């Protein structure tokens, strides 16, 4: 599936990933390829994804790796998933 992570500063991530885990307001949940359409509000926590999308060079220092997954800390945001495309608008 195609993932984009965007903040008010810039587009941070764009590309194909295998899975995505996000901190939903009602608990953490995972999205994989062909997930049903969803729009969700995100709370403070970790956005984790497995894959090798392009991470903007100026923001690579904001990402770490844990257990083979990329990790990005957010303070909140929204997520939209439709047709195997996921957009995370992060604060």
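Please treat every number below as a calculation from the coordinates, not as lab data. Being a predicted model, the structure only gives us computed values, none of them experimental. Every residue, glycine as well, gets a Cβ built from its backbone with ideal geometry; the counts of neighbours run over all protein chains shown.
Would you mind ranking 87, 48 so that the residue whose beta carbon has the fewest other beta carbons within 10 Å leads the list?
87, 48
With the radius of gyration and the Kirkwood radius both derived from the Cα set of the chain, what is their ratio Rg to Rh?
0.91
Only Cα pairs within less than 10 Å get springs; with that Gaussian network setup on the chain, which residue of 47, 25, 13 has the largest fluctuation?
Of 47, 25, 13, the Gaussian network model singles out 25 as fluctuating most.
For residue 36, project a label point 7 Å along Cα to C-beta. Then give me every residue of the stretch 52-91 with its amide nitrogen under 19 Å of that point.
79-87
State the antiparallel share, in %, of DSSP beta bridges confined to the chain, rounding to the nearest 5.
On the way: 38 of 43 bridges.
Close to 90 percent.
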